[in-house]
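Worksheet for the structure shown next.
What follows is calculated from the coordinates using simple rules that are stated; it is not laboratory data. On a predicted model such as this, the values are computed, not experimentally measured, just so you know. Every residue, glycine among them, receives a Cβ derived from its backbone with ideal geometry; neighbour counts consider all protein chains shown.
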Amino acid sequence: MKETPISPDRLREWSQASAFVFTGRIEAMGSTNLDGAKAEPRMATVQVEEVAVAPAELGDLHGRVITVYLETPDDLAKGDQVTFFARSWQVGRNIGVVEIGRTSVPASSVAPDIVGAQLQQLDDQLIERIRGAEAIISGIVTATQPVPRTADLPGFEEGVQWWVADMWIGSVEKGSPPEDQRIWFPEGGENIWGLVPKAHPRQEGVWLLRPLGEPLDDDEHPADDPEDHPQPHPEPHPDDKHPNTQRRPRRKDPDDGERRLMARQRLDFHASSDLPRIRTLLQRAGQP
Amino acid sequence: MPLRVINIIPLNMGAETNFDSEPSITVNPANTQEIVISTFTPDTGTVVTRGTYFFSTDGGANWAINNIVPGGTALLPNRDISVRFGGSTGVLYAGILRGDNGNLAILRTANFAGAVAMDILVDRANDDQPWVETATVAGRDRVYISSNDTSQRPNGFTASVDFSLDAATAAAPAGFTNTARLEPRATAALPLMAGNQDGPSVRVAIHPSGVMYAAYLGWRTFSATTSNTTDIVVCRDGNWASGTTQFQALVDPGDLQSGRRVATGVTVAPLGTLLGTQRIGSSLSIAVDPRDSQRVYVAWCDGLATTASPYTLRVRRSDDGGANWTGDLFTKANATNPGLAVNSRGTVGLLYQQFATLAAVGRWRTHYAQSIDRFTTTFSDLTLADVIDSSTGAALTVIIGDYANLMAIGKDFYGVFCAQNAPLTANFPVGVTYLRNADWATGTLRAVNNTTAVSVSVDPFFFHDQALAPVGNFAALTVGRLPDSRLELWGSDGGGVLFSTWKWTTHPDADWVPLMDFNEEVGALPAAVTELTVAPLPDGRLELWAATANGQLFSTWKTTTDPNGNWSGWADFNAEVGPLPAAVTALTVAPLQDGRLELWASTVNSGLFSTWKLTTDPNGDWAGWADFIAEVGTLPAAVTALTVAPLSDGRLELWASTANGQLFSTWKINSDPNGNWSGWADFIAEVGTLPAAVTAMTVAPLPDGRLELWASTANGGLFSTWKVTTNPNADWTGWADFIAEVGTLPAVVTAMTVAPLPDGRLELWASTANGQLFSTWKTTTDPNATWTGWADFIAEV
């Protein structure tokens, strides 16, 4: 294989799209070891020599022979040592991947950059969640209970049962929820509702909260409806070490004008130990 | 039938902990080694853009996951999904709700194991629970996607079937321009003026003739908190839904609307209701008998999942194309996820999952039931899995899924269900194979390295109920009457397997149960069976003898007089009675006048021996082998076939064909059970010549007591003769050409047996040299009645 260095941009692009990054030696071109797959010129069997990224559940891939569905067989030959960036294809008695890109640089050399790119991707995704959050709080779940099913709740027709988590709020990182803000979460319904983090008593963490909706609803910047809000509270000063820990008013009645908020996706809940990271990303997001 | 259950998570996914629920299965009819199963299983990689399915290319022994279902996101690979292969094209179709936007997508690939994403043929918003069924006609795939098309909520007619009559190769939409609306009646109003709709589950069943059925849950009232009022509705189409109107062939006599209401106004738990940890509220399955387009079965669940109103599975049947329906044929409380299928012999399979509480712990018990008599009774109901119901660790909210799936190809059933995967032997009563690492001693799952412990979760389990298929020629056949007059038939095939089947009920026209491996019940024999014979002991219990290719002779008997009682293990008969001088070439047995059995065995060294019970005690000892030649007289050559039966006065008559092409008989000369035998009489001289040497013989009494004897010949002939009157000493007719009367057979007859049905009509079986087995029976109880044409018995059982 010709020497193929890789630009930082390309490395980032491939890293963020790849479930596999490994260096291997081509055992055979136009070959496969997968059940049911018919050999094609675009396939190659590759013995894995170095692994930078691979799904943990597949175990150690060192020494394994896997099938790569190539972008192109051009410039490759038996015996070549290549670093492949790839996504999943098959996992059975053997493993198959689909090439996204390749380089002659060994995986061990680019591994730190790959990990950096993937962590950057996670940060970028989290920043998007932070930007779209109406409120971000840290705290402890004190109790959970189901709420009566009413037709205005999402997933009503498919049988979603909504619950609320009563909270002891340790800090408010964004927004101005009342002191007794509750976190809503669904049980049941179609599998999409399984994406929503559930709450349980004594659970500690950081929640990125949005109005009730389906997990994939695209309402990252929800409209502000004053009818649904308690009275606004003063925003914390950006220089505050611990944003908005001052006492905030309670709702007069638990059901009176409650702003129904939830953590919609897995990225909307984090362990308490992630709070410093959330705060850093809040600043990077330009949001106090 | 051999039944195997396999956890399909591959070894290389050994650390997988997803709750892989809500499965569907398809087996390629053109190559049953190719099987695809869909579940809610995410991609193995962390960067996910596609959904998945599992596939096998070796009949289910090994499995792989393939990530080629489009429309996934990093969060959700796909929502609802079902899969079907085309009828003969090998093209795989899927109906999904996309992971990214929830749209209905109809997908297709000609290479289910390949790396290229499935083609998107249709992509539209607002739909639910797409379910695929297919058939191939003249090389064209007819594909039907039933769903609850919620885009129709403004008018409420949501139960729908999208279909293409030629979907295999054309570019999108590949003929999916047709949608049949099934629902003509007003449907349930949803809150907040969201419109009206039916229940989520809509299913189609296809008969090879083009007759099709569709079933749906016609929601009439909706409540998210109390109950839904539902009609169970079945529609029919007579010709592949190819006419100007579709699925409107059935009209309900009650309201003259299309779609027959099998049940009206049933109360069903709202969709959010839990049975254990699994939500319920929309459970439906339908299947049509491939032998009879008018026979259709439907299963659904209703009830509120309370003690007073348990969520109850019901099965009903129509024998007239859905116009009229039986009442409940099968019910099971606290059950869900029914899957119905009918195989090529008309056996109905039913998969269901029943919730039970044991020691205050909820369990899901997955059952696989069969009925061989149109669900008049249940033939078997096996528990495939009995596992803890737990959502602990579940990322998804459908723990075992809103459905499971059963299908039939030929006589075989294939199914898939989802269940907790703790590797505990007791959880899988019929056995199970795990492809992923599991420590069965400690009940622990292991990762790929076979060291790291892995949390339990829910996995998909494939099962295959494979019909026994005789191989090669039948070496021997015999049939006997159980104490309740039901017949049981045994046959040994060229592969050394000893099969049996029996009438399921005492009705003369009752169905036969599927072929069973008799030795699985009784125990192994040292070699293939070469000869068989059976007869009732004085108390009605059957005793069966089997000679084996290694020269031994064994017997087994019913241990009680219960017709369904167990069989003893094989006993070495020669060890009890004494050795024979050589291997057995033929066997026959019959009761003497006092009920004691007498057994004859011919040997390769031209011997012929008999033994008999010494007393009328059914458990009495046998006499030592007596030299029958010495008693009755010599024969000109070695015996090739034997048969025996009582004359109308109870005296036995025995026939022996010899290697030189002759046929002789002898009979008791008086009614004394210990009386002497006549000398050998030349039966050919009495009845007439046969065109060739006898290859097999059998004999039985007609309803009036007259014997009829059959003899097959080496030139492919089959002849019979019978007593002309009921006088036991009456003459025999000349040989009649039985082939001419009943019909031709494809090859020379190699074995025969005959016995009276419970109403006295004889049924005769004949195996042929090309490995087939046929039967014919008297059309009425008149002793002189005609015979039916030959029926393919293997196809029946």
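For a quick check: sort A:GLU258, B:GLU741, A:GLU187 by the number of other beta carbons within 10 angstrom, fewest at the front.
Numbers: A:GLU258 18, B:GLU741 13, A:GLU187 21.
Going from sparsest to densest Cβ surroundings: B:GLU741, A:GLU258, A:GLU187.
Where does the range A:132-215 land on the Kirkwood hydrodynamic radius, alpha-carbon pairs, in angstrom? Don't skip to the end; give the middle numbers.
Values: mean 1/r = 0.0757 Å⁻¹.
Result for the range A:132-215 stands at 13.2 Å.
Could you order the peptides A:73-82, B:284-293, B:212-221 from most to least packed, using the average number of other C-beta atoms within 10 Å per residue? Could the numbers behind the result be given before it?
Numbers: A:73-82: 14.0, B:284-293: 22.3, B:212-221: 25.7.
Averaged packing, sorted descending, gives the order B:212-221, B:284-293, A:73-82.
What does the charge dipole of the range B:677-785 about its Cα centre add up to, to the nearest 20 debye, if the Cβ of each Lys and Arg holds +1 and the Cβ of each Asp and Glu holds -1?
Roughly 160 debye, rounded to the nearest 20.
Fewest Cβ neighbours within 10 Å first, please rank A:ARG264, B:ARG142 accordingly.
Values: A:ARG264 28, B:ARG142 25.
The fewest-first ordering by Cβ neighbours comes to B:ARG142, A:ARG264.
Translational diffusion coefficient, Stokes-Einstein: compute it for the range B:604-682 using the Kirkwood radius over C-alpha pairs as Rh, at 10 °C and 1.306 mPa s, and state it as an integer in µm² s⁻¹.
Details: Rh = 13.5 Å.
D, rounded to a whole number, is 118 µm²/s.
In Å and on Cα atoms, what radius of gyration and Dmax does the range B:396-538 show?
Rg, Dmax (Cα atoms, Å): 21.3, 63.
Once you sort the root eigenvalues of the Cα gyration tensor of the range B:58-144 as a ≥ b ≥ c, which label holds: rounded (a/c under 1.5), prolate (a/b larger than b/c) or oblate (the other case)? Could the numbers behind the result be given before it?
Numbers: a/c = 2.01, a/b = 1.26, b/c = 1.60.
In terms of gyration-tensor shape, oblate.
Mean 1/r over all different Cα pairs, inverted: what Kirkwood radius does the range B:583-734 give, in Å? Walk me through the numbers before you get to the answer.
Details: mean 1/r = 0.0637 Å⁻¹.
Across the range B:583-734, the inverse of the average 1/r is 15.7 Å.
If packing is taken as the mean number of other Cβ atoms within 10 Å per residue, what is the order of B:763-771, B:616-624, highest first?
B:763-771, B:616-624
Which of the listed residues, B:LEU165, B:ALA135, B:PRO536, is farthest toward the dipole's positive end in the protein assembly as shown, when Lys, Arg count +1 and Asp, Glu count -1 at the beta-carbon?
Of the options given, the answer is B:LEU165.
Classify the range B:209-317 as rounded, prolate or oblate, taking a ≥ b ≥ c as the square roots of the eigenvalues of its Cα gyration tensor: rounded when a/c is under 1.5, otherwise prolate if a/b is larger than b/c and oblate if not. Mind showing how you got there, number by number?
Details: a/c = 2.55, a/b = 1.88, b/c = 1.35.
It is prolate, given that a/c is not under 1.5 and a/b is the larger ratio.
Putting +1 on Lys and Arg Cβ atoms and -1 on Asp and Glu Cβ atoms, find which of B:ALA582, B:ILE739, B:ASN670 reaches farthest to the positive end of the dipole of chain B.
The residue sitting most towards the positive pole is B:ILE739.
Could you work out [θ]222 nm for chain B from helices alone, using -39500 (n - 2.57) per DSSP H run of at least four and dividing by all its residues? Round to the nearest 500 deg cm²/dmol.
Working: 6 runs with 29 residues, N = 797.
Calculated from helices alone, the mean residue ellipticity at 222 nm is -500 deg cm²/dmol.
What does the highest-first list of B:85-91, A:265-271 look like by mean Cβ count within 10 Å?
B:85-91, A:265-271
Toward the positive end of the charge dipole of the range B:205-289, about the Cα centre and with charges on Cβ (Lys, Arg +1; Asp, Glu -1), which of B:GLY272, B:TYR213, B:ILE232 goes farthest?
B:GLY272
Can you tell me the relative contact order of the range B:151-203? Whole percent, Cα pairs under 8 Å, sequence separation 6 or more.
Numbers: 85 pairs, mean separation 23.2, N = 53.
Here the relative contact order equals 44 percent.
Return the percentage of antiparallel bridges among DSSP beta bridges fully within the range A:50-144, rounded to the nearest 5 %.
Details: 8 of 11 bridges.
Within the range A:50-144, antiparallel bridges account for around 75 percent of the total.
Using all alpha carbons of the protein assembly as shown, what is the percent of pairwise distances in each 10 Å bin, ordered from the shortest bin to the longest?
Over the protein assembly as shown, the share of Cα pairs per 10 Å bin runs 2, 10, 16, 18, 16, 14, 10, 7, 4, 2, 1, 0, 0 percent.
What is the distance in Å between the Cα centres of the range B:392-461 and the range A:7-84?
Between the Cα centre of the range B:392-461 and that of the range A:7-84, the gap is 30 Å.
Given just the C-alpha atoms of chain B, how large is their convex hull per residue in cubic angstrom?
Working: hull volume 142.2 nm³, N = 797.
Dividing the Cα hull volume of chain B by its residue count gives 178 Å³.
Under a point-charge model restricted to the Cβ atoms of Lys and Arg (+1) and Asp and Glu (-1), what is the dipole moment magnitude of the range B:169-318 relative to its Cα centre, in debye to the nearest 20? Each step should come with its number before you reach the end.
Numbers: 13 positive and 9 negative charges, 43 e Å.
Computed charge dipole of the range B:169-318: roughly 200 debye.
Apply the a/c threshold of 1.5 to the C-alpha gyration tensor of the range B:657-729 and tell me whether it is rounded, prolate or oblate.
Oblate, since a/c reaches 1.5 and b/c is not below a/b.
Let me know the charge dipole size of chain B about its Cα centre in debye, to the nearest 20, where only the beta-carbon of Lys, Arg (+1) and Asp, Glu (-1) is charged.
Once rounded to the nearest 20, the dipole reads 1940 debye.
Roughly how many whole Å is it from the C-alpha centroid of the range A:193-208 to that of the range A:161-179?
11
So how do A:ILE114, B:ILE739, B:ILE35, A:ILE137 line up by other beta-carbon neighbours within 10 Å, fewest first?
Numbers: A:ILE114 21, B:ILE739 16, B:ILE35 28, A:ILE137 24.
If I rank by nearby Cβ atoms, fewest first, I get B:ILE739, A:ILE114, A:ILE137, B:ILE35.
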